[in-house]
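The values are calculated or read from the model by the stated rules, or taken from the named source; none is laboratory data. None of the values given here were measured: they were computed from a predicted structure. When we count neighbours, we look across all protein chains shown, and the Cβ atoms used for this are built from the backbone with ideal geometry, even at glycine. With ligands, DNA and RNA removed, areas are computed over all heavy atoms of the protein, side chains included. Shrake-Rupley method; radii C 1.70, N 1.55, O 1.52, S 1.80 Å.
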Amino acid sequence: MKIVHLKERMDLVDRAIDIFWEQWGNEDNFKLYEDCIHQSLKNEDELPLFYTLLDEEKIIGTYALLRNDMNSRQDLCPWLACLYVHPDHRGQQAGKQLLSHAVEEAGRLGYHFIYLATDLEGYYEKYGWDQEGKAFSLSGESINVYIKAT
């Protein structure tokens with residue numbers, strides 16, 4: 001398994017857009033994902049950055065580093081978002097590999113901390129993430145914010 005920045009594999013961009021949108025989008029926001037990912041390809045080391053986990057040539061996982069994960073904590077940056085592992089590859093440390101890569105990338109970019117927002121409890125703590133507080137989503141719901149030093 002190998003993690004690649006989408007800019008390194010332009011041949012995967014259209015499929016990656018579909019996967020990011022299928023997992024995290026809705027019927028109203030395909031263009032948001034499509035444009036955001038295409039715009040990100042113009043930058044080398046500036047957020048947002050989109051990554052895929054490949055098993056041979058098949059995309060089996062994703063994550064993104066963003067300026068903000070569309071929540072009320074605009075004061076925090078960068079955000080780990082869009083963490084996904086295909087169900088056939090869960091339980092094989094793929095999520096751990098993606099999380100470790102995200103922390104390393106944030107550190108390489110000069111950030112001392114990385115954040116994520118989730119309603120999932122118990123998963124990120126296993127990998128050393130600490131709950132930092134709460135944020136509010138676009139719908140107004142409270143969501144947990146986690147932090148990890150890079």
key: Compactness of segment 1-103 as Cα Rg over 2.2 N^0.38 Å, two decimals   = 1.02
note = Quick calc: nm separation of the 7 Å Cα→Cβ label points for LYS31 and ASP11 -> 3.1
Accessible surface, 1.4 Å probe, highest first, among residues TYR115, TYR123, TYR51 = TYR123, TYR115, TYR51
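Find the accessible area per residue for the chain; the probe is 1.4 Å, ligands and nucleic acids are left out, and the unit is Å².
Solvent-accessible surface per residue comes out at 55 Å².
Evaluate E = 1/(1 + (r/R0)^6) for LYS96 and VAL4, where r is the Cβ-Cβ distance and R0 equals 22 Å; express this FRET efficiency to the nearest 0.05.
Working: r = 17 Å, r/R0 = 0.79.
Here the calculated transfer efficiency is 0.80.
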task = Assuming 1.002 mPa s and 20 °C, estimate D for segment 10-55 with Stokes-Einstein, Rh taken as the Kirkwood radius over Cα pairs, in µm²/s.
result = 193
task = Heads up, I need the accessible area for TRP24: 1.4 angstrom probe, whole protein in place, Å², nearest 10.
result = 120
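Compute the length gained on full extension between LEU54 and ILE147: take 0.36 nm times their separation in residues and subtract their Cα-Cα distance, giving the result in nm to one decimal.
30.9 nm
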query = About its Cα centre, what dipole magnitude does the chain give when the only charges are +1 on Lys and Arg Cβ and -1 on Asp and Glu Cβ, stated in debye to the nearest 20?
reply = 360
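Which percent of the accessible heavy-atom area of segment 1-146 goes to carbon and sulfur, probe 1.4 angstrom?
47
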remark   = Kirkwood Rh for segment 41-91 from C-alpha pairs, in Å, is 12.3
key: Simple label model, 7 Å out from Cα along Cβ direction - HIS89 to ARG67, nm   = 3.0
